[in-house]
Amino acid sequence: MSKITSPAELEELRKKILAQRNPDKLCITLCSGSACHATGCDPVAEALAEEIEKQGVVGEVDFRRTGCHGFCEQGPILVVYPQGICYLKVKAEDVSEIISETIKEGKIIERLVYVDPNTGEKATREEDIPFYKNQQRLVLGPNRQIDPRSLEDYLAVDGYQALVKTLFELSPEEVVGEVKNAKLRGRGGAGFPSGIKWDFARNAPGEQKYVVVNCDEGDPGAYMDRSVMEGNPFAVLEGLMIGAYAIGANEGYIYVRQEYPLAVANLAIAIEKAEEAGLLGKNILGSGFDFTVKVHRGAGAFICGEETSLLNSLEGKAGEPNARPPFPATRGLWGKPTNINNVETWANIPLVINKGADYFSAIGTEGSKGTKIFSLVGKVNNTGLVEVPMGTTLRDIIFKIGGGVTGGKKFKAVQTGGPSGGCLPEDLLDTQVDFDELTRAGAMMGSGGMIVMDEDTCLVDIARYFLEFLSDESCGKCTPCREGIRQMLKILTDMTKGQGKEGDIELLQALAETTKGSSMCALGKTAPNPVLSTLTHFRAEYEAHIHDKCCPALSCKELIRFDIVAEKCKGCGACFRQCPADAITGEKKQVHIIDQEKCTRCGSCLDACPAAFGAVSKSSGQSAPSPVAEKIEA
């Protein structure tokens, strides 16, 4: 592509691209995000290319590999447009039939469509699947339409119109004002108003300024930024350029987690193509505005999601936080004013400029505008990426979009905000999802992680799990964070092993509050949230672990035992054969016995026992009597 030197040339190219595309022509899109790569989209893509040629439909159907469609557990996902026919869990061996039946004959392949796990109802079109129809995908929407490595595809969905408007119609002050009026808050976790943040950087003294994309998402189970960067890197670049113009920066950095190779690859291609087209570099579109961008691959430290730690890492230093103030907006990268936002925030900027502040601010709640992307995972039927208007309730996300709890189990809690978030019980399911309401409920928005837990989840162990992660990821620079998390983890670990003691709950509470109030950065300040929220809403579980030495959820290994019920055991030997610890003894057709000294509490015996027998029982407590032992003694 030759360099584009003016808005007129860009618009002429856009019209040419659209003129060559018939919206009524059949087009197959195949999700090729990381999740679908893991489930085999490459063989499907190869089969599609082969079958399109083999069955003689070249020219009759287009084929496009796109970014993440969101419904990750159902991948690979294939959609046929313009009808919107959606096929899930597609395999290479399905492709021949898809071409011959759906593309050629217009027939639906029933086995590949969505089936509701609760009602058994089928949905043929993407927009009719409950997971999709209850969302509002403003940021994720283009992911399913464009090849993330194609500049032409991005231009076809109005790409770079916001940049043109910015460079040729708006002053830097007007751009900042538009972002302020939109009331866009940063999507990285803190929720600070983006326009105010930009204004600080714009007004900070100094000629050299920087803009930075934070793509160091490290929350367990979260992959929102990853999917946006993989699926639509041009939108992130466009947002970054608009921000650079607004604050007076000519250099930008994109800090990407080392574990995101596909995001890095797609981003590198997007940068290269933008440079070739003159949409990056010197005198962009003849505006006189210069901008260059570099990609930096982070080493995967969770602490580098905190902005001052990220900047230290960019400078080649250890990824450790700095005390604030000064804030990066006034003294950031190499001591210069720097504006940092996460991927999702930058991807919202073209939307704000194109649609206007009034459009954007009409979505959401009074204090939280626009949409938010969540990573919905855990014990929920429909897992994946969810984008909803701010103010949507937890109940609607989990039950309308997520399809409810798996296996017919009862909902117990949802944890929002990543490892530093809070766990909310069933009676708070009608809480609106926005920055302020979640905080008031004892959780937080965070970057958008959302983990659903069922009745079999031990909330004491959940708190222990997240504290273990945070203890490993703490940089150790400040004592309250380093030692506070470590000591809380020790207490929680003892509890899950039946070694909790009187006073532990009070000590946990004190440690949590001290750590929260004294730590240097957000990691330490928010690390106590899993403890504080579970103590508030699930205190009875803590008391059971301490006073009764039992785990009500039958989850903590040290506090459960497996026994064989003599009256039900048929001596089939299924449990004996599956036990990895040789803890089960018994002759054929005789009652079997579990040696509690050898038992590792893995549960293999429970899984192996035929359902018709139900001879293996699972109970809570370190010293629960064995039904078999009682029978033998009798």
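The values are calculated or read from the model by the stated rules, or taken from the named source; none is laboratory data. Only a predicted model underlies this, so the values are computations on that prediction, with no experimental measurement involved. Note that we place each Cβ from the backbone using ideal geometry, even for glycine, and neighbour counts take in every protein chain shown.
Numbers at a glance
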| quantity | calculated |
| --- | --- |
| Which listed residue is surrounded by 24 or more Cβ atoms within 10 Å (Cβ to Cβ) and farther than 25 Å from Gly305 by Cα, from Ile340, Ile363, Ile353, Ile349 | Ile353 |
| Any hit, segment 459-475, residues being modelled with pLDDT of 95 or more, crowded, with 17+ Cβ neighbours inside 10 Å and among the basic types (Lys, Arg) | yes |
| Scope segment 475-513; condition assigned to a loop (DSSP other than H, G, I, E, B) and of a type in the set (D, E, K, R); matching residues | Lys477, Lys497, Lys501, Glu502 |
| Condition broken by Asp42, with the remaining ones in (1) under 32 Å from the mean Cα position of the chain (by Cα); (2) over 16 Å from Pro148 (Cβ atoms); (3) among the charged types (D, E, K, R) satisfied | (2) |
| Of all residues in segment 381-395 being assigned to a strand (DSSP E or B) and in contact with an Asp or Glu (Cβ under 9 Å, 6 or more places away or on another chain), the one that is nearest to Gly449 (Cα to Cα) | Gly384 |
| Search result, residues across segment 303-339 that are within 23 Å of the chain's Cα centre (by Cα), within 17 Å of Gly186 (Cα to Cα) and of a type in the set (Gly, Ala, Ser) | Gly305 |
| All positions within segment 39-56 that are of a type in the set (Gly, Ala, Ser), free of Cβ contacts under 8 Å to residues at least 24 places away in the same chain and in a helix (DSSP H, G or I) | Ala45, Ala49 |
| Enumerated helices (runs of 4 or more DSSP H) restricted to segment 109-196, each holding at least 1 residues that are without any contact (Cβ under 8 Å) to a residue 12 or more places away in the chain and not hydroxyl-bearing (Ser, Thr, Tyr) | 130-133, 161-169, 172-182 |
| Residue list for segment 1-15, restricted to those being more than 37 Å from the chain's Cα centre (by Cα) and surrounded by 11 or more Cβ atoms within 10 Å (Cβ to Cβ) | Thr5, Ser6, Ala8, Glu9, Glu12 |
| Filter pass, Ile373 being modelled with pLDDT of 95 or more, crowded, with 21+ Cβ neighbours inside 10 Å and part of a strand (DSSP E or B) | yes |
| Residues (over 45 Å from the mean Cα position of the chain (by Cα) and at negative phi) located in segment 573-586 | Thr585 |
| Candidate set: segment 46-67, residues that are small (Gly, Ala, Ser) and closer than 18 Å to Ser100 by Cβ; chosen: the one surrounded by the most Cβ atoms within 10 Å (Cβ to Cβ) | Ala47 |
| The listed residue being within 28 Å of Ala38 (Cβ to Cβ), in contact with a Leu (Cβ under 9 Å, 6 or more places away or on another chain) and of a type outside the set (Ser, Thr, Tyr), out of Glu178, Glu259, Glu217, Glu230 | Glu230 |
| Filter pass, Asp153 being over 18 Å from Ile373 (Cβ atoms) and either surrounded by 17 or more Cβ atoms within 10 Å (Cβ to Cβ) or of a type in the set (A, V, I, L, M) (or both) | yes |
| Members of segment 288-347 found to be in contact (Cβ under 8 Å) with a residue 60 or more places away in the chain, part of a loop (DSSP other than H, G, I, E, B), out of contact with any Leu (no Cβ under 6 Å at 6 or more places or on another chain) and among the small types (Gly, Ala, Ser), listed by number | Gly300, Ala301, Ala318, Gly319, Ala323, Ala329 |
| Among (1) modelled with pLDDT of 95 or more; (2) surrounded by 18 or more Cβ atoms within 10 Å (Cβ to Cβ), the one test that Cys72 misses | (1) |
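Residue-by-condition table, conditions (1) out of contact with any Ser or Thr (no Cβ under 8 Å at 6 or more places or on another chain); (2) assigned by TED's automatic domain parsing to the domain that holds Ala329:
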{"site": "Thr119", "(1), (2)": "yes, no"}
{"site": "Val139", "(1), (2)": "no, no"}
{"site": "Gly159", "(1), (2)": "yes, yes"}
{"site": "Lys165", "(1), (2)": "yes, yes"}
{"site": "Glu173", "(1), (2)": "yes, yes"}
{"site": "Val179", "(1), (2)": "no, yes"}
{"site": "Ala201", "(1), (2)": "no, yes"}
